[in-house]
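Comments concern the structure below.
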Amino acid sequence: MGELIVVPTPIGNLEDITLRAIRMLKEADLIYSEDTRVTKRLLNHLEIAGKQIVAFHAHNEHKQLERCVQTVKENTLTVLVSDAGTPAISDPGFLLVRACVEENLPVSCLPGPTAFVPALVGSGFPCDRFIYEGFLPHKKGRQTKWLSIKDEERTVVFYESPHRILKALEECVELLGPEREVCVAREISKLFEEFKRGTAAEVLAYYKAKPPKGEIVLMIKGK
Ligand code: SAM
């Protein structure tokens, strides 16, 4: 019986890939990938050639699902990767993992890079209990989401884009209060890595003066 291995890949620094992840990529009969060009670049860097790489992304994952499960059965080792970090964490993957589990196929996910863990730990906020909220809804349900975390005692983790972080911080000031402590973790593991900690008002003022670039994790300290 074939198995599915979910393989996390670096979120910035190419050194952040485990020996086991490299071995799985080498041994894979088939690699499902969110973006085949991104995966090819990684494989080139790792000097892994001749792999069958098939697109598996948000736009085709529903349609592909049945065929993917079939190929997991037919092959010995099928690997799933996303562009960066751990598949299924705000990335495609959940549907395939669930479908394989339902078919009683062996599934495992290797331990490896994901942005919210270094962000949360580096924030200095309590991380014994936390909630991961992924991306804020763009429009509908956004205010409700903010209000649902207003009295949250655990640290709340959001993924955010540089274009929307100012809006998110403004809403945080307005709906959770200017004194709520936040941390913006930017460009983790990359050249311009930055952790900006302070009250929501302070961090908003900082990024208004210096609009942020790159990838961002926003943490809100529990009440
Ligand atoms: N699967 C990924 C993971 O395991 O973290 C997340 C994919 S999600 C599409 C991309 C988001 O993750 C970015 O918008 C950003 O919020 C966060 N992210 C990814 N890499 C990051 C980095 N190097 N620094 C900060 N945030 C990052």
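Of (1) open to solvent by 20 Å² or more (accessible area, probe 1.4 Å); (2) farther than 28 Å from Met24 by Cα, Val117 satisfies all except one. Which?
Here Val117 meets the rest and fails (2).
Pull up the range 16-41, narrow it to residues that are within 22 Å of Ser90 (Cα to Cα) and open to solvent by 60 Å² or more (accessible area, probe 1.4 Å), then point me to the one that is farthest from the ligand (Cβ to nearest atom).
Taking the candidates together, the pick is Lys40.
Taking the residues in the range 19-60 that are under 17 Å from the mean Cα position of the chain (by Cα) and in a loop (DSSP other than H, G, I, E, B) as candidates, determine which candidate is modelled with the lowest pLDDT.
It comes out as Ala58.
Tell me, please, whether a residue that is within 11 Å of the ligand (Cβ to nearest atom), free of Cβ contacts under 8 Å to residues at least 60 places away in the same chain and assigned by TED's automatic domain parsing to the domain that holds Lys208 can be found in the range 149-161. Show your work before the answer.
Taking the range 149-161 as the starting set, the residues that turn out to be within 11 Å of the ligand (Cβ to nearest atom) are 157-161.
Add one more test, that the residue is free of Cβ contacts under 8 Å to residues at least 60 places away in the same chain, and what stays is 160-161.
Filter again for assigned by TED's automatic domain parsing to the domain that holds Lys208, leaving 160-161.
Yes, some residue in the range 149-161 is within 11 Å of the ligand (Cβ to nearest atom), free of Cβ contacts under 8 Å to residues at least 60 places away in the same chain and assigned by TED's automatic domain parsing to the domain that holds Lys208.
Quickly run through the range 42-93 and pick out the residues that are open to solvent by less than 60 Å² (accessible area, probe 1.4 Å), more than 16 Å from the ligand (Cβ to nearest atom) and under 24 Å from Met1 (Cβ atoms).
Matches in the range 42-93: Lys51, Ile53, Val54, Gln64, Leu65, Cys68, Val69, Thr71, Val72, Asn75, Leu77, Thr78.
In the range 194-219, which residues are open to solvent by 30 Å² or more (accessible area, probe 1.4 Å) and in contact (Cβ under 8 Å) with a residue 60 or more places away in the chain?
Listed by number, the residues that qualify are Phe195, Arg197, Glu215.
Looking at the range 138-146, can you tell me whether even one residue there is at pLDDT 95 or above, touching a strand residue (DSSP E or B) at 6+ places or on another chain (Cβ under 7 Å) and aromatic (Phe, Trp, Tyr)?
Looking for residues that are at pLDDT 95 or above, touching a strand residue (DSSP E or B) at 6+ places or on another chain (Cβ under 7 Å) and aromatic (Phe, Trp, Tyr), one finds none in the range 138-146, hence no.
Can you tell me which residues in the range 133-151 are open to solvent by less than 70 Å² (accessible area, probe 1.4 Å) and either more than 12 Å from Met219 (Cα to Cα) or within 20 Å of the chain's Cα centre (by Cα) (or both)? Working first, answer last.
In the first step, residues of the range 133-151 are kept if they are open to solvent by less than 70 Å² (accessible area, probe 1.4 Å); the result is 133-134, 136-137, 141-142, 145-146, 149.
Selection gives Glu133, Gly134, Leu136, Pro137, Gly141, Arg142, Lys145, Trp146.
The values are calculated or read from the model by the stated rules, or taken from the named source; none is laboratory data. Predicted model, so just to flag it, every value in this text is computed and none were measured. Virtual Cβ from ideal backbone geometry, glycine too; neighbours counted across all protein chains shown. The protein model used for the area step is the full one, side chains on, heavy atoms only, and it has no ligands, DNA or RNA in it. Shrake-Rupley method; radii C 1.70, N 1.55, O 1.52, S 1.80 Å.
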